[in-house]
Every structure is written in structure tokens, then in C-alpha cells.
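Coordinate-derived values only; no laboratory data. Keep in mind that this is a model prediction, so the values were computed, not measured. Backbone-built Cβ (ideal geometry, glycine too); neighbour counts: all protein chains shown.
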Amino acid sequence: MAALPTPDRGWFKSSRSSDNAACVEVRFVGGAVDVRDTKDRSGPVLAFDGHSWVSFLTGLKTDTTS
């Protein structure tokens, strides 16, 4: 995962996000997935490969702590 500067294109929030400021935005670029904080859109971007992103989502869906 790397912090990269990036133009403001193709970003979206989940339709399940509320209007509070505690959200992240995601975009798919080639085989990578970029993630950034909606409160700091000019800040750092985390870039994940596709396999890591799928593993992350799988972990969220199977999390039993919440």
C-alpha cells in the first residue's frame, strides 16, 4: 500500500454512507483500488492491489465484533 497524489476523477462513496464526515471514497484504476478520506480529498491516497482489496472486503463481511 502506498500514499499517492492523484487527480479528482472516478471517486465514489458507498450508497450506505451517511452524510456525516466519517467516510472514505474509493475508485478503481486499472488493477488497483485507491482509497481516500472524504474530509481530506487533497491528502494521501492508499492504493491496494485487487487481491488485497477483496481480502479486506471479505474480512469486513465476516467480522463478528460489531
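Key figures
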read-out	value
Sole residue being loosely packed, with under 10 Cβ neighbours inside 10 Å and on the phi < 0 side of the Ramachandran plot, chosen from ARG41, ARG16	ARG16
Where VAL35 falls short, out of the listed (1) in contact (Cβ under 8 Å) with a residue 24 or more places away in the chain; (2) outside any helix (DSSP H, G or I)	(1)
Those residues of segment 31-46 which are under 8 Å from the mean Cα position of the chain (by Cα) and among the aliphatic types (A, V, I, L, M), in sequence order	VAL33, VAL35, LEU46
Residue check, SER42 within 23 Å of ARG9 (Cβ to Cβ), among the polar types (S, T, N, Q) and touching a residue at least 24 places away in the same chain (Cβ under 8 Å)	no
